[in-house]
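Colleague: Sharing a structure with you now.
FYI, it's all coordinate maths here, none of it is from the lab. Model, not experiment: these values are computed from the prediction. Here Cβ is always computed from backbone atoms with ideal geometry, including for glycine, and neighbour counts include all displayed protein chains.
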Amino acid sequence: MDYAAVVILEILYMISFIALVSAGLAVVFGMMRVINLAHGEFVMLGGYTTLACQRAGIDLWFSMLVIAPIVVGLVGLIVERLVIRFLYGRMIDTMLATWGLSLLLIGIVTLIFGSSAVNVPTPIPGYQLGAYQMGGYNLFIIGVTIALYIGMWLVLRYTRLGLIARGAMQSADVASSLGYNPRTVYMVTFTIGAALSGFAGGVLAPLTGLLPASGGGYIAQSFIAVITGGSGAVISGTLTSSVLFGTISQIVSFASGPVLGDIVMLALAIVLLRLMPTGISGRFLRNSQ
Amino acid sequence: MKVWPSIGQMRWGWFLLGAAIILVWPAFFDTHTPTILLVWALFALSLGLMWGYAGLLSFGHTAYFGLGAYVYAIAVVNIGESTVPLLLAILIPAIVAAIIGAMMFYGRISDVYMGVITLVVSLILFKFMSATAGDKYAIGDARLGGFNGIPGFPVLNVPGLPDVSLFGVPMYYVAAVALLGCYLICRWILARSFGRVLVGIRENEGRCELLGYSVPAYKTAIFSISAAMAGLAGCLFANWAEIVTPSVFSLRSAAEVIIWVIVGGLGTLVGPILGAIVLGMLKLLLSEQTVIDNSLILGFILVVVVLAIPRGVVPALQYWFGRRARIRTQRSAHTRARRRVAAPVRPS
């Protein structure tokens, strides 16, 4: 019984982890069809921002929930102005340039923080579940992810900003003829996407530990979740694929070790992409957000 | 808008000059570093053939390079004599690429998804190979060794003579002959109708399809050929390093080869070779100091090249020289035309 609860909690945590890490990438890919290979490094920057603030004596909650998104959002804005905006419509070139950017960011962070692993303290103590010691912070991650996705859905569905965003997503031409400059919409979208990645990085920092190269670990999961989710429906597509990959990878991990879980997840992604080249949402969830 | 250069011709003069420099080099200089530069150049050439001429970008081409290295190491530990392992190191990456390629191309997957899938393949190999520590993971006598890789396997020997190992200067010549041979094979492929169809597919896939060519078959074939060359490069790399570790599958290695090719130039064969040699040299020099991180420079180069010279350095130079030549011929043609017009005006 306890073991079942542990397994379910771990599965929920894995789903939340994937969904949280993918949120920023999903917004950018869904709205702009830009595949940002520096996404993992944005997440990593969020973690390092939290670390720097925590070392400077700022409250940990404030630095991970507020400062990390703002700082990484600003980095995203600078990147969009300097690099991405010249490459709209050239998908492969964008992927290459953002890959270069990811290496550049790794280099800069290594220069500042050094290349050894560092840790941010966990602000929530663990608890006892039957015979098992559980991390209390995992529950917080699950809660934060649910809140984040509800928030994203509300913004997209009920605010003017969300309306413009959905309009620009459906038809950039019509949105622009109604007076909304697509360039501005893209700039804001990319900044928000980066801020979401920074948020994920800040929140996850106490759990994962930090390395300049740790972005590479996020990129695989978020990449396949978002691409398999498809660009038709940002929220439901990403959530569906997060649930799918999180569940399967965690079940395989429990059965035979964490590495095989990752490998099965990646192999499954290849098969799914082969079967549904437009992603899950292109096939099943055409009329949702 | 990307302007692709034309298919290019074999310039025997330049080829012989380059070959002469490569072959005479060991008489004057050390060969340890140049050997690995030639191996990297071969690896870049394999990606340049497929990306520059067929327009197919494999984001994880390092998977086939690494497979070549691992297959050689595993096979040579088991067999002892290096001829069969060398052939396997070419053959197995080619077969793997043919399977993955057929799956992608017959499924009509777009180029972006192709990028994702190829990258995921190399990530899978990286994760798997990193996790194979312990006695449980062994193929025959070869223990995969997890993150520490496979060290101390026999290096290449003269075919049929297991005791005559090739290292040092002979190893350099093996790499040089492999590079020059593969260059000639690439030129040969491009000069045949097969190569022309590939360029046609790059330019307009639908049109080639309508002309009756099986686009997926051509794409799968060139992917497989390219992977075979990458596998050969990987095998030579294993012999140079005398150890194979999972880092051959890492994101970093995947990025490096793409940077070499795009900086050197798409749609040329000499571009990727020069890109790999120059940037490979830069990488080795940078790793000798610890002030500036290597990835910072690499990343910066990639961003700047994509933004400023998306065609790469060699095609940009070719275009520049070509335009000057064209202006010159235009100018002289213009003067000639003026003279011709001027001549009949004078009444006789």
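Colleague: Using the per-residue mean of other Cβ atoms lying within 10 Å as a proxy for protection, in what order, highest first, do the peptides A:192-205, B:273-286 fall?
Modeller: A:192-205, B:273-286
Colleague: Also: Could I get the Rg over Rh figure for the range B:1-123? Both from C-alpha atoms, Rh via Kirkwood, rounded to two places.
Modeller: 1.04
Colleague: Net charge within 13 Å of B:Ser295 by Cβ-Cβ distance, Lys/Arg positive one each and Asp/Glu negative one each, not counting B:Ser295 itself?
Modeller: For residues surrounding B:Ser295, the net value is -1.
Colleague: Which value in nm describes the separation of the simple spin-label points at B:Val278 and A:Trp61, placed 7 Å from the Cα toward the beta carbon?
Modeller: 5.6
Colleague: Grab the beta carbon distance between B:Val304 and B:Arg11, set R0 = 30 Å, and tell me the FRET efficiency rounded to 0.05.
Modeller: 0.55
Colleague: Given the Cα-Cα distance of A:Asn119 and A:Arg160 and 0.36 nm per residue of separation, how much length would full extension add, in nm?
Modeller: Net length gain for the segment: 10.8 nm.
Colleague: If you line up the Cα atoms of the protein assembly as shown on their principal axes, what length do they span on each, largest first, in Å?
Modeller: Ordered largest first, the protein assembly as shown gives principal extents of 99, 81, 52 Å.
Colleague: For the Cα atoms of chain B, what angle does the longest principal axis make with the long axis of helix B:313-345, in degrees from 0 to 90, nearest 10?
Modeller: 10
Colleague: Hey, what did the range A:162-264 get for relative contact order, percent, Cα under 8 Å, at least 6 apart?
Modeller: 10
Colleague: Pairs of alpha-carbon atoms within less than 8 angstrom and 6+ residues apart define the contacts here; what relative contact order does the range B:12-311 have, in percent?
Modeller: With pairs under 8 Å counted, the relative contact order is 35 percent.
Colleague: Once you order the gyration tensor axes a ≥ b ≥ c over the Cα atoms, which shape class does the range B:12-311 get: rounded for a/c under 1.5, otherwise prolate or oblate by comparing a/b with b/c? Before the final figure, lay out the partial values.
Modeller: Values: a/c = 1.38, a/b = 1.23, b/c = 1.12.
Cα axes put the range B:12-311 in the rounded bin.
Colleague: Also: Take peptide A:24-31, look around each residue's Cβ out to 10 angstrom, count Cβ atoms belonging to other protein chains, and average those counts. Kindly include the intermediate steps, with their values, before the conclusion.
Modeller: Numbers: counts 0, 0, 0, 0, 0, 1, 0, 0.
Mean inter-chain Cβ contacts per residue within 10 Å come to 0.
Colleague: Using the C-alpha atoms of the range A:167-235, what convex hull volume per residue, in cubic angstrom, is computed?
Modeller: So the per-residue Cα hull volume is 105 Å³.
Colleague: What translational diffusion coefficient, in µm²/s and rounded to a whole number, does the Stokes-Einstein relation yield for chain A at 20 °C and a viscosity of 1.002 mPa s, taking the hydrodynamic radius as the Kirkwood radius over Cα pairs?
Modeller: Approximately 111 µm²/s, per Stokes-Einstein.
Colleague: Take the Cα pairs of the range B:106-236, get the Kirkwood Rh, then feed it into Stokes-Einstein at 4 °C and 1.567 mPa s and tell me D in µm²/s. The partial results should precede the final answer.
Modeller: Working: Rh = 18.5 Å.
Using the Kirkwood radius from Cα pairs, D works out to 70 µm²/s.
Colleague: If one takes the longest principal axis of the Cα atoms in chain B, at what angle in degrees, from 0 to 90 and to the nearest 10, does the Cα axis of helix B:294-308 lie?
Modeller: The answer is roughly 30 degrees.
Colleague: Per residue of the range B:94-103, in order, report the coupling 6.51 cos²θ - 1.76 cosθ + 1.60 (Karplus, θ = phi - 60°) as ³J(HN,Hα) in whole Hz, putting x for Gly and Pro.
Modeller: Whole-Hz 3J(HN,Hα) from phi for the range B:94-103: 5, 5, 4, 5, 5, 5, 5, x, 4, 4.
Colleague: Mind checking B:121-127 for the average number of partner chain beta-carbons within 10 Å of each residue's beta-carbon?
Modeller: For peptide B:121-127, the averaged partner shielding equals 5.
Colleague: Enumerate the aspartates and glutamates that B:Lys219 could reach by cross-link, defined here as Cα to Cα under 17 Å, with residues fewer than 8 away along the same chain left out.
Modeller: B:Asp111, B:Glu203, B:Glu205, B:Glu209
Colleague: Round to a whole angstrom and tell me the spacing of the C-alpha centers of the range B:109-153 and the range B:194-263.
Modeller: 19
Colleague: Tell me, how many Å apart are the Cα centres for the range A:70-119 and for the range B:269-334?
Modeller: Result: 22 Å between the Cα centres.
Colleague: For peptide A:261-267, how many partner chain Cβ atoms fall within 10 Å of a residue's Cβ, on average?
Modeller: 4
Colleague: Same structure, new question: Dividing the Cα convex hull volume of the range A:1-152 by residue count, how many Å³ per residue is that?
Modeller: So the per-residue hull volume is 134 Å³.
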